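Report on one structure; see the data block that follows.
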Amino acid sequence: MSVLSKSYFHDEAEAFAHVEALLWADGRVCPHCGTVDNSYRLKNQRTKPTKKSPNGVERHGLYKCGDCRKQFTVRIGTIFEESHLPLHLWLQAIHLMCSSKKGISAHQMHRILECTYKTAWFLEHRIREAMRLPLEDQGALGGNGKAVELDETYVGGKESNKPIYKRTKARYASKAAVFSMVERGGQVRSMHLMDVTAATLRPILLAHIDDKSVVMTDDAGQYRKLSDDFAHEVVNHSADEYVRGDAYTNTVEGVFSILKRGIAGTFHHVSQQHLGRYLAEFDFRYNNRSALGVEDQARAATALRGIVAKRLTYKSVDRTEG
Ligand SMILES: [Zn+2]
């Protein structure tokens, strides 16, 4: 049986059961008053009849709270709320994004789900929000004797592909700086920065990296003073040195190579405004990768758990493409 033939990808009642099992593993929570396990299922509920559906539509997964007497479903208070897209299609979208190493463009999603491009675009951004690890869950990278590799890269259109009047001579003028920190054998954390000067980086490094770690960088100027705060190993890329014993930055370069192939091949253009969400998506897949024993279905389940309290409305996502 293929993964795609799972019933929750096709049947709305099964989709609700699947999401409920994941989100309410420790008991059914009323999103209105927070009461746990004092609610009952409302069976055979239908929406009001309309011209299109004279008998109304079945309302799946509807519960009534025994405390506050209000009704709720598992969609309330999550990124699924206020979305008219059936839950089983959401599950298809999450699975596709979690199992595609370089991502799925909104155009492809719109063709697969047979929804509008706008719906697909918005859906993808909401799933990216669900993939973003909340700040309070971001522990320090590295630790005693552990290696953390740092590097920066630039993403954005090639100057030669732009109309002449928009081209600029400055090397990185229209490109966005992406800075990543990767613990070898562990997690990555990427961010979109306005610049990657020593002054910008220092507070970030102190906040995100355990000070007993060994940090590995190339010989770029902004890393020169790192040894004030950390044990620091440098590979002299400018002298064509790439590996010297344990000193290398190949891990973080591998992370960038997937990101760049994803952005070039799948998304073509990512606006600076939305870059942070794409980084959250790529970091999420890396941090839940096969090499760490996380396979597609487990990765999709982790993304699903991330949807709680990650509501994103049209107001907070600008509708510009990118
Ligand atoms: Zn309640």
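The values are calculated or read from the model by the stated rules, or taken from the named source; none is laboratory data. None of these values were measured; they are calculated from a predicted model. Virtual Cβ from ideal backbone geometry, glycine too; neighbours counted across all protein chains shown. Keep in mind that these areas ignore ligands, DNA and RNA; they rest on the heavy atoms of the full protein, side chains included. Shrake-Rupley method; radii C 1.70, N 1.55, O 1.52, S 1.80 Å.
Worth a mention:
- Inter-part distance where region 243-290 and region 186-220 are each reduced to a Cα centre, Å: 15 Å
- With the convex hull constructed from alpha-carbon coordinates only, region 217-269 shows a mean projected area of 4.8 nm² over all directions.
- Computed lengthening from R261 to T47, 0.36 nm per intervening residue step minus Cα-Cα distance: 72.5 nm
- Sorted largest first, the principal axis extents computed over the alpha-carbon atoms of the chain equal 74, 51, 40 Å.
- Net charge over other residues, Cβ less than 12 angstrom from the Cβ of R202 (K, R count +1; D, E count -1): 0
- With a 1.4 Å probe rolled over the protein heavy atoms of all chains, the accessible area of Y242, Y154 falls in the order Y242, Y154, largest first.
- In this structure, K70 and Q297 have a Cβ-Cβ separation that, at R0 = 25 Å, corresponds to a calculated FRET efficiency of about 0.15.
- Remark: region 1-148 carries a charge dipole of roughly 460 debye about the Cα centre, counting +1 on each Lys and Arg Cβ and -1 on each Asp and Glu Cβ.
- Probe 1.4 Å, protein heavy atoms only - accessible area per residue of the chain in square angstrom: 53 Å²
- Here region 29-104 has 48 percent of its accessible surface on carbon and sulfur atoms, given a 1.4 Å probe and all protein chains in place.
- Rounded to whole Hz, the Karplus (6.51, -1.76, 1.60) HN-Hα couplings of region 53-59, x for glycine and proline: 10, x, 9, x, 10, 4, 9
- Cα gyration tensor category, rounded, prolate or oblate, for region 38-82 with a/c compared to 1.5: oblate
- Fully extended contour minus Cα-Cα distance, from R224 to D11, at 0.36 nm per residue: 71.0 nm
- Percentage, to the nearest whole number, of Cα pairs in region 179-322 over 25 Å apart: 39 percent
- Positive dipole terminus of region 1-112, leading residue within S99, P31, S83 (C-beta point charges): S83
- Among Y63, V196, Y286 the positive-end extreme of the charge dipole of the chain (Cβ point charges): Y63
- Build a GNM of the chain with springs between Cα atoms under 10 Å apart, and of L91, L206, L259 the one that fluctuates most is L206.
- Estimated purely from DSSP H runs of n ≥ 4, each contributing -39500 (n - 2.57), the mean residue ellipticity at 222 nm for the chain is -9000 deg cm²/dmol once divided by its residues.
- Cα gyration tensor shape of region 43-124, rounded if a/c is under 1.5, else prolate or oblate by comparing a/b with b/c: oblate
- With N as its number of residues, region 1-69 has a Cα radius of gyration that, divided by 2.2 N^0.38 Å, comes to 1.35.
- Accessible surface for H32 stands near 80 Å², nearest 10, in the context of the full protein assembly shown (1.4 Å probe).
- Relative contact order (%) - the chain, alpha-carbon pairs under 8 angstrom, separation at least six: 21 percent
- Using only side-chain charges placed at the Cβ, +1 for Lys and Arg and -1 for Asp and Glu, the dipole size of the chain relative to its Cα centre rounds to 1680 debye.
- Extended-chain gain in nm, criterion 0.36 nm per residue less alpha-carbon gap, E136 and T35: 33.9 nm
- Given +1 at the Cβ of Lys and Arg, -1 at the Cβ of Asp and Glu and no other charges, the dipole of region 231-281 around its Cα centre is 320 debye to the nearest 20.
- Over all other residues within a Cβ to Cβ distance under 12 Å of E253, the charged ones net out to -3, with Lys and Arg as +1 and Asp and Glu as -1.
- Prolate/oblate/rounded call for region 8-150, Cα gyration tensor, a/c under 1.5 rounded: oblate
- Legend: residues K51, K43, K102, sorted from most to least accessible area (1.4 Å probe; ligands, DNA and RNA excluded), read K51, K43, K102.
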